[in-house]
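Asks: The structure that follows is given in the form of structure tokens.
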Amino acid sequence: MKRVLGIIICCFVVATAYIAYVIAERQTALQKFARYNDSWAVGQTVSEYMRLEHRLAAYALGVEGVDRDEVRLRLDIMIGRAELLKQGNLRVFVEQDPQRRELLLKLANVLDMLDRELDSLDTDRFKTMLQSLAALDASMTSLASTAVEYDVALIDAAQQELRQLHLIYSGLAGGLILCGVVLVVLLLRHNSLLNRAHRKMKDLTDNLSEASGELKSQNSRLNHVAHHDALTGLPNRILFRQDLEARLQTALAGGPTALVFLLDLDGFKDVNDALGHDVGDGLLQAVAIRLTKLSREGDLVCRLGGDEFAILTAGLTEQEALEFARIIMDVVSLAYQISEREIKIGTCVGVALSNAHSGTDELFKHADLALYEAKSFGSAHACVFQSEMQTRLMEKKSFEADLRQALRKGELQVFYQPQVNATTREIRGYEALVRWFHPVRGEVPPSEFIPVAENIGLIHELGAWVLRTACAEAVRWPRRLKVAVNLSPVQFRSRNLIHGVVAILAQTGLEPGRLELEITESVLLDKNEQTLDTLKELKAVGIQIAMDDFGTGYSSLGSLRSFPFDKIKIDRSFIRDITTRADAIAIVELVTGVARSLGMTTIAEGIETEEQFACVKQVGCDQVQGYLIGRPVPAAQLIHLRQIGYRFGSMEDEDLIDAQAVSGRM
């Protein structure tokens with residue numbers, strides 16, 4: 001043992017001596033080459049600068065053997081050298097002194113100018129360039145000497161640090177020797193402790209065995225957490241995918257068909273927003289419990305995220321799957337008691353059955369398509385995936401893509417339908433209506449593409465285009481004529497609505513009082529305070545506000561008093577029956593009277609016969625609109641409408657139209 005310890009101490013001594021030797025060698029090496037590092041680079045830069053100046057002068061004087069390519073070569077070398085001054089230690093050296101920074105900037109400017117003009121320099125410009133280069137000679141020479149001084153100072157500092165390091169390592173060496181002595185004592189002491197450690201070994205082994213068991217338990221818990229939802233305790237998307245893959249493998253091997261039931265909760269977001277996330281979490285937990293109780297042995301109930309759940313099962317026919325889906329919907333739709341509140345929600349179910357070619361992603365996508373199909377029918381519907389759903393989805397995506405391109409391709413047009421005074425039949429304005437003429441689909445009704453535009457977020461761009469087009473056209477009309485433009489509820493909820501409308505008015509030059517924005521009654525359902533503020537801001541600009549399709553939605557007479565409307569449009573559903581049903585004419589008369597008492601204008605839309613016109617005129621409607629008066633036409637045809645010879649009212653008003661002639665032409 002003593003011999004081993006002696007060997008160890010000798011090793012310590014040798015190691016210490018070797019460390020001191022390495023430090024001394026590094027110091028000697030540093031003295032040899034450090035002085036020729038950065039200062040050498042600066043010196044080379046100055047030398048290259050002088051060579052460039054010399055070659056440029058020789059080229060300017062026409063010295064034989066010096067051509068433009070050689071000057072270009074020297075210039076490129078000098079530019080590279082100048083770039084080195086911006087890097088590493090040289091950059092630090094330059095940045096320390098303002099004069100050096102200024103010199104480097106001047107040098108870069110001269111080199112850049114020479115680089116750009118070298119191929120086109122004439123005699124005068126050569127002289128100018130040489131003068132610019134000569135002006136920097138002294139500064140460049142000074143820079144080289146300063147660099148040498150700077151490097152010498154750095155090297156001296158490095159040598160001082162190395163000397164200190166040498167002392168430190170010498171102290172460490174002494175410490176190592178001392179540690180060796182202490183090690184001898186410790187080793188002797190260690191022998192006396194070995195027996196005691198051996199006695200404790202058994203206890204440690206037992207503890208290790210116990211810790212190993214706890215580790216296995218912890219790993220099991222972590223595995224459960226990784227594959228299960230923290231809120232409901234149901235398997236999550238990872239375990240869902242693994243189980244589905246296993247079921248598909250079994251089905252491909254001749255086992256029972258794998259089925260995916262996919263569902264989400266109708267109205268869950270409203271519960272979360274209105275009652276809080278705690279209630280929403282409680283609702284998800286309650287739904288998870290019900291679904292678990294519904295499942296059969298071998299089924300897997302999963303929460304895929306949010307309010308989306310899935311059930312994996314096997315061996316059901318399509319009819320049995322639909323029956324099971326109805327049971328799921330019935331159970332989920334039963335009332336819940338969450339935080340002393342009764343909550344009712346619904347759900348739809350999409351079902352997908354595996355076949356010989358089904359993959360995990362494909363089958364899940366089929367269930368998702370089936371769920372999408374079921375939701376299109378409303379709450380409490382279930383659908384089993386059919387190949388036609390994929391076709392409809394592709395058609396839907398194609399329709400959306402065509403709609404996105406319609407504006408850019410010029411397939412959309414704005415038509416205008418006249419609105420006239422019910423008494424004089426004088427044109428008071430036009431309603432702007434968007435039309436889509438697709439080269440393959442033909443004319444696409446607004447009732448088909450407007451909801452799609454709202455769903456895909458295109459309605460803002462489309463609405464702004466219609467508004468801009470209508471305002472730009474209305475500027476060319478007589479000032480007494482107004483233009484009415486419909487606003488989608490999605491547009492109305494935009495925070496940029498006011499800014500966008502005002503910007504379009506300013507861009508087109510249309511007076512705000514000549515613009516009339518029509519909104520539907522559904523707008524009044526969304527945040528009344530915000531809606532009222534938006535309406536007031538529009539009114540403050542001077543824009544007219546009309547309620548479209550009054551009486552068909554959710555509005556009440558109280559809303560007419562609360563919201564600052566200028567006009568009420570009586571829906572065509574009442575006008576259609578006004579000549580045959582007493583209740584229809586009573587409703588129109590009531591709305592007209594209320595509007596008159598509130599100082600609002602009424603307009604009846606959908607006038608198609610003289611009898612309807614006479615009825616709305618008799619009950620006191622201010623304006624009318626419909627095919628009897630005129631069909632929607634492009635802006636180019638509005639001029640012809642004003643020039644029709646036969647007029648209903650005064651022959652002096654240029655805005656009168658022949659309603660019968662117009663209807664016949666359209």
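Asks: Taking into account only those residues within the stretch 95-120 that are over 19 Å from Ala144 (Cα atoms) and of a type outside the set (Asp, Glu), which is surrounded by the fewest Cβ atoms within 10 Å (Cβ to Cβ)? Show your work before the answer.
Replies: As a first pass, look at the stretch 95-120 and keep what is over 19 Å from Ala144 (Cα atoms): 109, 112-120.
Filter again for of a type outside the set (Asp, Glu), leaving 109, 113-114, 116, 118, 120.
Details: Asn109: 11, Met113: 14, Leu114: 22, Arg116: 9, Leu118: 17, Ser120: 7.
Checked the stretch 95-120; the qualifying residue surrounded by the fewest Cβ atoms within 10 Å (Cβ to Cβ) is Ser120.
Asks: Okay, next question. Determine which member of the set Glu161, Glu149 is charged (D, E, K, R), under 30 Å from Trp40 (Cα atoms) and modelled with pLDDT under 75. First the steps, then the outcome.
Replies: Details: Glu149 fails: modelled with pLDDT under 75.
On inspection, the qualifying residue turns out to be Glu161.
Asks: Can you run down the residue pairs with Cβ atoms below 6 Å, 6 or more apart or on separate chains, where the first is in the stretch 131-156 and in contact (Cβ under 8 Å) with a residue 24 or more places away in the chain and the partner is among the polar types (S, T, N, Q) and in a helix (DSSP H, G or I)?
Replies: Ala147/Ser39; Val148/Ser39; Asp151/Ser39
Asks: Would you check if there is a residue in the stretch 454-469 being under 23 Å from Gly626 (Cβ atoms) and open to solvent by less than 20 Å² (accessible area, probe 1.4 Å)?
Replies: Scanning the stretch 454-469, I find at least one residue that is under 23 Å from Gly626 (Cβ atoms) and open to solvent by less than 20 Å² (accessible area, probe 1.4 Å), so the answer is yes.
Asks: Of the residues Val490, Val501, which is modelled with pLDDT under 90, within 17 Å of Leu535 (Cα to Cα) and out of contact with any Pro (no Cβ under 8 Å at 6 or more places or on another chain)?
Replies: Val490 is the lone residue from the list that is modelled with pLDDT under 90, within 17 Å of Leu535 (Cα to Cα) and out of contact with any Pro (no Cβ under 8 Å at 6 or more places or on another chain).
Asks: Could I ask something else about it? Collect the residues in the stretch 432-453 that are more than 20 Å from Gln625 (Cβ to Cβ) and open to solvent by 20 Å² or more (accessible area, probe 1.4 Å), keeping them in residue-number order. First the steps, then the outcome.
Replies: Within the stretch 432-453, the first condition is being more than 20 Å from Gln625 (Cβ to Cβ), and the residues that meet it are 436-444, 448-449, 451-453.
Of everything in the stretch 432-453, those that are more than 20 Å from Gln625 (Cβ to Cβ) and open to solvent by 20 Å² or more (accessible area, probe 1.4 Å) turn out to be Phe437, His438, Pro439, Val440, Arg441, Gly442, Glu443, Glu448, Pro451, Val452.
Asks: Filter the stretch 455-485 for residues that are within 22 Å of the chain's Cα centre (by Cα) and under 18 Å from Gln413 (Cα atoms) and give the result. Full working, then the answer.
Replies: Going residue by residue through the stretch 455-485, those that are within 22 Å of the chain's Cα centre (by Cα) are 455-464.
Across the stretch 455-485, the qualifying residues are Leu458, Ile459, His460, Glu461, Leu462, Gly463, Ala464.
Asks: Oh, and also: Given the conditions (1) open to solvent by 30 Å² or more (accessible area, probe 1.4 Å); (2) charged (D, E, K, R); (3) touching a Lys or Arg at 6+ places or on another chain (Cβ under 6 Å), and given that Arg493 satisfies all but one, which numbered condition is not satisfied?
Replies: Every listed condition holds for Arg493 apart from (3).
Asks: Another question, then. Suppose the filter is open to solvent by less than 70 Å² (accessible area, probe 1.4 Å) and either more than 30 Å from Ile8 (Cβ to Cβ) or among the small types (Gly, Ala, Ser) (or both); does Asp151 pass it? Quick ask: steps written out before the conclusion?
Replies: On the way: open to solvent by less than 70 Å² (accessible area, probe 1.4 Å): yes; either more than 30 Å from Ile8 (Cβ to Cβ) or among the small types (Gly, Ala, Ser) (or both): yes.
Yes; evaluated as a whole, the condition is true for this residue.
Asks: Something else: Do you know which residues across the stretch 189-201 are under 30 Å from Ala17 (Cβ atoms) and either under 60 Å from the mean Cα position of the chain (by Cα) or loosely packed, with under 10 Cβ neighbours inside 10 Å (or both)?
Replies: Pass one, the stretch 189-201, residues under 30 Å from Ala17 (Cβ atoms): 189-190.
Of everything in the stretch 189-201, just one residue is under 30 Å from Ala17 (Cβ atoms) and either under 60 Å from the mean Cα position of the chain (by Cα) or loosely packed, with under 10 Cβ neighbours inside 10 Å (or both), namely Arg189.
Asks: If I go through the stretch 228-266 residue by residue, how many of them are open to solvent by less than 50 Å² (accessible area, probe 1.4 Å), assigned to a helix (DSSP H, G or I) and over 19 Å from Ile289 (Cβ atoms)?
Replies: Residues flagged as open to solvent by less than 50 Å² (accessible area, probe 1.4 Å), assigned to a helix (DSSP H, G or I) and over 19 Å from Ile289 (Cβ atoms) within the stretch 228-266 amount to 5.
Asks: Still on this structure: Could you tell me whether any residue of the stretch 336-351 is under 37 Å from the mean Cα position of the chain (by Cα), within 24 Å of Ile238 (Cβ to Cβ), open to solvent by less than 30 Å² (accessible area, probe 1.4 Å) and aliphatic (A, V, I, L, M)?
Replies: yes
Asks: Let me ask something else. Mind checking which residues of the stretch 368-380 are open to solvent by 70 Å² or more (accessible area, probe 1.4 Å) and in a loop (DSSP other than H, G, I, E, B)?
Replies: The one that is open to solvent by 70 Å² or more (accessible area, probe 1.4 Å) and in a loop (DSSP other than H, G, I, E, B): Phe377.
Asks: Taking the conditions exactly as written (more than 30 Å from Val14 (Cα to Cα) and part of a helix (DSSP H, G or I)), does Ser170 satisfy them or not?
Replies: Numbers: more than 30 Å from Val14 (Cα to Cα): no; part of a helix (DSSP H, G or I): yes.
In short, no.
Asks: Kindly provide the set of residues from the stretch 512-534 that are over 13 Å from Ser562 (Cα atoms), loosely packed, with under 14 Cβ neighbours inside 10 Å and at pLDDT 75 or above, ordered by number.
Replies: Gly513
Asks: Among the residues of the stretch 599-612, is there at least one that is at pLDDT below 85, assigned to a loop (DSSP other than H, G, I, E, B) and loosely packed, with under 13 Cβ neighbours inside 10 Å?
Replies: Within the stretch 599-612, the first condition is being at pLDDT below 85, and the residues that meet it are none.
Within the stretch 599-612, none of the residues are at pLDDT below 85, assigned to a loop (DSSP other than H, G, I, E, B) and loosely packed, with under 13 Cβ neighbours inside 10 Å.
So that you can scan it fast, the table gives a plain yes or no per residue for (1) touching a residue at least 60 places away in the same chain (Cβ under 8 Å); (2) more than 30 Å from Arg163 (Cα to Cα); (3) open to solvent by 40 Å² or more (accessible area, probe 1.4 Å):
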site: Glu64; (1), (2), (3): no, yes, yes
site: Ile77; (1), (2), (3): no, yes, yes
site: Leu85; (1), (2), (3): no, yes, no
site: Phe93; (1), (2), (3): no, no, no
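Asks: List the number of the failed condition for Ser488; all other conditions in (1) open to solvent by less than 40 Å² (accessible area, probe 1.4 Å); (2) over 28 Å from Arg404 (Cα atoms); (3) within 31 Å of the chain's Cα centre (by Cα) hold.
Replies: (2)
Asks: Tell me which of these Val271 doesn't satisfy, since it passes every other one: (1) of a type in the set (Val, Ile, Thr); (2) over 29 Å from Ala356 (Cα atoms); (3) open to solvent by 30 Å² or more (accessible area, probe 1.4 Å).
Replies: That leaves (3) as the condition not met.
Asks: Let me ask you something else. Identify, by number, the condition in (1) more than 30 Å from Cys11 (Cβ to Cβ); (2) open to solvent by 60 Å² or more (accessible area, probe 1.4 Å) that Leu186 doesn't meet.
Replies: (1)
Asks: Now for a different question. What do you reckon, is Ala211 open to solvent by 40 Å² or more (accessible area, probe 1.4 Å), closer than 19 Å to Phe309 by Cα and of a type in the set (Gly, Ala, Ser)?
Replies: Criteria not met by Ala211.
Asks: Quick one: in the stretch 307-326, which of the residues that are without any contact (Cβ under 8 Å) to a residue 60 or more places away in the chain and within 14 Å of Ala374 (Cβ to Cβ) is surrounded by the fewest Cβ atoms within 10 Å (Cβ to Cβ)?
Replies: The initial filter retains those residues of the stretch 307-326 that are without any contact (Cβ under 8 Å) to a residue 60 or more places away in the chain, namely 307-308, 311, 313, 315-317, 319-320, 323, 326.
Filter once more, so that each one left must be within 14 Å of Ala374 (Cβ to Cβ): 308, 326.
Working: Glu308: 16, Arg326: 14.
By that ranking, first place goes to Arg326.
Asks: Output the residues belonging to the stretch 631-640 that are open to solvent by less than 20 Å² (accessible area, probe 1.4 Å) and modelled with pLDDT of 90 or more.
Replies: Step one: of the stretch 631-640, the residues open to solvent by less than 20 Å² (accessible area, probe 1.4 Å) are 633, 638.
The answer is Val633, and nothing else.
Asks: List every residue pair whose Cβ atoms sit under 7 Å apart, with the two residues 6 or more apart in sequence or on different chains, where the first one lies in the stretch 100-111 and is under 13 Å from Ile79 (Cβ atoms) and the second, anywhere, is open to solvent by 30 Å² or more (accessible area, probe 1.4 Å) and not aromatic (Phe, Trp, Tyr).
Replies: Val110/Ser132; Leu111/Ile79
The values are calculated or read from the model by the stated rules, or taken from the named source; none is laboratory data. Just so it is clear, the structure is predicted and the values come from calculations on it, not from any experiment. Positions of Cβ are generated from backbone atoms using ideal geometry, with glycine treated the same way; all protein chains shown enter the neighbour counts. To get the accessible areas, we keep the full protein, side chains included, count just its heavy atoms, and leave off ligands, DNA and RNA. Shrake-Rupley method; radii C 1.70, N 1.55, O 1.52, S 1.80 Å.
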